[in-house]
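Reading through the structure tokens given below for one structure.
Derivation of every value follows stated rules applied to the coordinates shown; laboratory data play no part. These numbers were taken from a predicted model, which means no experiment stands behind them. Ideal geometry is used to build each Cβ from the backbone, glycine not excepted, and the neighbour counts take in all protein chains shown.
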Amino acid sequence: MEVLRNEMTRPLRRLTLCAVLVVVGSCTTPWGALRAQGATTTTTTSANRPVKWVDENVSFRAHGVTLYATFRHPVGAASPVPGVLLIAGSGPTDRNGNSALEKGPVDTLRTMADWLGDDGVATLRYDKLGSGETGLGPYATKVDSIGIGPFEQESAAALTLLAQQKEVNDKLLGVFGHSEGALFALLLATGHAGPVPAIHALGLFEPLSDRYLTLVSVQVEAEIAAQLKAGEISKSLAATVGATLTSAITRLRATGEVNANLKYGLATLLNASNAKFFQQADRFDPKSLARALSPATPVLVTCSTADTQVSCGEVGRIVQGLREAGAHYQLIQMANVDHVLKVDPTGSPANYTKKLPFSPVLRAALKEFVAKNL
């Protein structure tokens, strides 16, 4: 969204992390896996690893909806292998890390599944509610009733499904979350998402690192400051927009409600369709969740100087929480890598769908982390 002169509105330019959030959800029901036929085969030539791996289409039930997923696993392995659940970031981002709002594939999670498969680790990645094959289902007409619960429930069901597969060693489970997905990884690991199989390792990649509405505020304030510096808006308008945002967030935190038709483009960020999710998700501070982790859980954390959505300074909050927990963690500080983990010194969201290489620094770090901890 972009704040304009004369109190008109149009989309602000740089609010790509939260501005495109599409909130979806439903209610809890029993779940179960449904195996699909005709899986696509892939191979790996890693030493001492099974040669044949498959991408198998599976589905499971959570909050009254069937969710669709891909289970990548070896065929004919001598023994079960470690397994990792991959959780996508905000908005209608699917199992592969692709969004319906983008003009092409990003493939962040697909690439991570490729890497982990090459390292002998099975993965489950799923289309969360509102994305991919899963879609909104019966909640298409009542999006405003959806809070954080459905996302917690579907991630818990997905991890349970992964743990139950005969190809997976349920004593060696990891949960890796990208961006907003890191919040749900932390919620799983700290018990907020309900009872789940034991998690042996966590991956927090360019993680959402502050309370959600605080992050929204920071992003909007940065946009206002940039437009003020460029002479695109007046000081009085900048102050008015800032005060409007502060008032809206205060009310949302207190009541769960948002004023209808917020001015200055803010309505595309805060509105009735996402108010419940924002209020509930905002209650969780990732730093506090990190502080509550078991010290025995190894954690891989990343940030990048070129990430325009999550700064290394913000990620430092999570790292501080890990320190206070006495956790065994590894922080990978990358340069010239964007939010979707591609090599791009500009960090521009406009380049997310370009065929750029994914970070070789991250690839090496992930391989080492898996070898030591899974």
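Across the chain, the relative contact order, built from alpha-carbon pairs under 8 Å that are at least six residues apart, equals 17 percent. Taking one quarter of the surface of the C-alpha convex hull of the stretch 296-374 gives a mean projected area of 5.4 nm². Segment Ala364..Ala254, full-extension length gain: 35.1 nm, with 0.36 nm per residue of separation and the alpha-carbon distance subtracted.
Where both residues lie in the chain, what percent of DSSP beta bridges are antiparallel, nearest 5? That works out to approximately 50 percent antiparallel.
Put simply, the amide H of Ile332, placed in the peptide plane, has neighbours under 5 Å in Val301, Thr302, Cys303, leaving out anything fewer than 5 places away on its chain. Would the stretch 254-309 count as rounded, prolate or oblate if I go by the C-alpha gyration tensor, calling it rounded below 1.5 in a/c and otherwise prolate when a/b exceeds b/c, oblate otherwise? Note, shape of the stretch 254-309 comes out oblate. Computed about the Cα centre, the dipole magnitude for the stretch 203-334 is approximately 320 debye when only Lys and Arg (+1) and Asp and Glu (-1) carry charge, each at its Cβ.
Note on the chain: helix-only mean residue ellipticity at 222 nm, from DSSP H runs of 4+ residues weighted -39500 (n - 2.57) and normalised by residue number, equals -10000 deg cm²/dmol.
For the chain, the longest principal axis of the C-alpha atoms and the axis of helix 235-255 are separated by about 50°. Straight-line cross-link reach from Lys128 at under 28 Å between alpha-carbon atoms covers these lysines, not counting any fewer than eight positions away in the same chain: Lys52, Lys103, Lys142, Lys166, Lys171, Lys276, Lys287, Lys342, Lys354, Lys355, Lys367. When a/c reaches 1.5 or more, the comparison of a/b and b/c decides; with that in mind, is the stretch 219-294 rounded, prolate or oblate per its Cα gyration tensor? Because a/c hits 1.5 or more and a/b fails to exceed b/c, the stretch 219-294 counts as oblate.
Remark: the stretch 221-374 is approximated by an ellipsoid whose semi-axes, taken from the C-alpha gyration tensor as √(5λ), come to 34, 23, 14 Å, largest first.
Summing Cβ point charges (Lys, Arg +1; Asp, Glu -1) relative to the Cα centre of the chain gives a dipole of roughly 80 debye.
Taking a ≥ b ≥ c as the square roots of the eigenvalues of the alpha-carbon gyration tensor, the stretch 76-168 is classed oblate because a/c is 1.5 or more while a/b is no larger than b/c. Across the chain, Cα-Cα distances exceeding 34 Å account for 24% of all pairs.
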